[in-house]
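The values are calculated or read from the model by the stated rules, or taken from the named source; none is laboratory data. Since we're looking at a predicted model, the values are computed, not measured. When we count neighbours, we look across all protein chains shown, and the Cβ atoms used for this are built from the backbone with ideal geometry, even at glycine. When the accessible area is computed, the model is the full protein with side chains, heavy atoms only, and any ligands, DNA or RNA have been set aside. Shrake-Rupley method; radii C 1.70, N 1.55, O 1.52, S 1.80 Å.
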Amino acid sequence: MSYPGPGWPQPPYGGYAPRHNTAPAYIAAALFFLCAVFSLVVSIISWDGTTTSVEAVISVPGMAFAEDVTGNVDFGIATGISVACTFALFAILLAARLAFARWILVVLGAVVVLYYIYAVIRVLVDGGGEFIAALALSLVLWLLAEIVVLLPAVGEAMRGRR
């Protein structure tokens with residue numbers, strides 16, 4: 001049995017390693033940025049606690065603990081704005097494909113997702129099921145961003161940075 005001559009079969013892609021698709025990293029960054037913008041908007045809308053939209057107030061990150069900590073909405077608003085700004089910063093760093101930003105987003109995103117699960121359960125237990133729409137939307141957005149950033153394709157996009 002004879003073997004093919006030198007150069008055959010040729011390595012895929014002309015001998016060069018394939019370029020990684022960077023789109024998953026940008027999609028994950030966009031999702032986290034969307035979550036950050038949503039958190040900032042509901043925090044600003046609920047700034048003084050007198051808004052007529054109860055849904056907006058309870059969807060602010062940290063609002064479930066506000067009554068226990070300060071007795072008013074100050075803790076929730078401060079937490080909501082802090083979460084929004086932190087995630088906006090790390091979403092920008094993720095879009096720049098800095099690998100450490102991905103893992104920080106994974107850890108902090110898990111904390112926010114767990115908070116929203118707690119908040120949904122608390123609102124349902126307290127009988128506020130009619131006000132849960134924005135809170136459920138927040139949970140779905142954060143959970144979707146968390147799932148996307150954990151995909152292996154995002155990790156490959158991070159490693160493909162040159």
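For G62, state whether it is in contact with a Gly (Cβ under 7 Å, 6 or more places away or on another chain), buried (at least 21 other Cβ atoms within 10 Å of the Cβ), of a type outside the set (S, T, Y) and at pLDDT 90 or above.
no
Being within 9 Å of the chain's Cα centre (by Cα) and open to solvent by 70 Å² or more (accessible area, probe 1.4 Å) is the filter here, so list the residues in the stretch 119-150 that pass it.
Residues satisfying the conditions are L143, L144, I147.
Hey, A157 hits all of (1) loosely packed, with under 15 Cβ neighbours inside 10 Å; (2) at pLDDT below 90; (3) in a helix (DSSP H, G or I) but one; which does it fall short on?
(1)
For residues that are touching a residue at least 40 places away in the same chain (Cβ under 8 Å) and open to solvent by less than 30 Å² (accessible area, probe 1.4 Å), scanning just the stretch 65-84, find the one that is farthest from G109 (Cα to Cα).
The qualifying residue farthest from G109 (Cα to Cα) is G80.
Got at least one residue in the stretch 85-93 being under 17 Å from the mean Cα position of the chain (by Cα), open to solvent by less than 30 Å² (accessible area, probe 1.4 Å), among the aromatic types (F, W, Y) and closer than 19 Å to P24 by Cβ?
Yes.
Output yes when any residue across the stretch 131-151 is of a type in the set (A, V, I, L, M, F, W, C), modelled with pLDDT under 90, in a loop (DSSP other than H, G, I, E, B) and within 15 Å of M63 (Cβ to Cβ), and no when none is.
Taking every residue of the stretch 131-151 in turn, at least one turns out to be of a type in the set (A, V, I, L, M, F, W, C), modelled with pLDDT under 90, in a loop (DSSP other than H, G, I, E, B) and within 15 Å of M63 (Cβ to Cβ).
Do you know which residues across the stretch 94-118 are among the small types (G, A, S) and over 11 Å from the mean Cα position of the chain (by Cα)?
A95, A96, A99, A101
Is there any pair linking a residue in the stretch 11-35 that is at pLDDT below 95 and of a type outside the set (D, E) to one that is part of a loop (DSSP other than H, G, I, E, B) and surrounded by 17 or more Cβ atoms within 10 Å (Cβ to Cβ), with Cβ under 7 Å and at least six apart or on different chains, and which?
Listed pairs, sorted by first residue: T22/R97; A25/R97.
Is one or more of the residues making up the stretch 95-118 outside any loop (DSSP other than H, G, I, E, B), open to solvent by 40 Å² or more (accessible area, probe 1.4 Å) and basic (K, R)?
no
List the pairs whose first member sits in the stretch 117-128 and is over 12 Å from M63 (Cα atoms), whose second member is assigned to a helix (DSSP H, G or I), and whose Cβ atoms are under 7 Å apart, counting only residues at least 6 apart or on separate chains?
I117/L139
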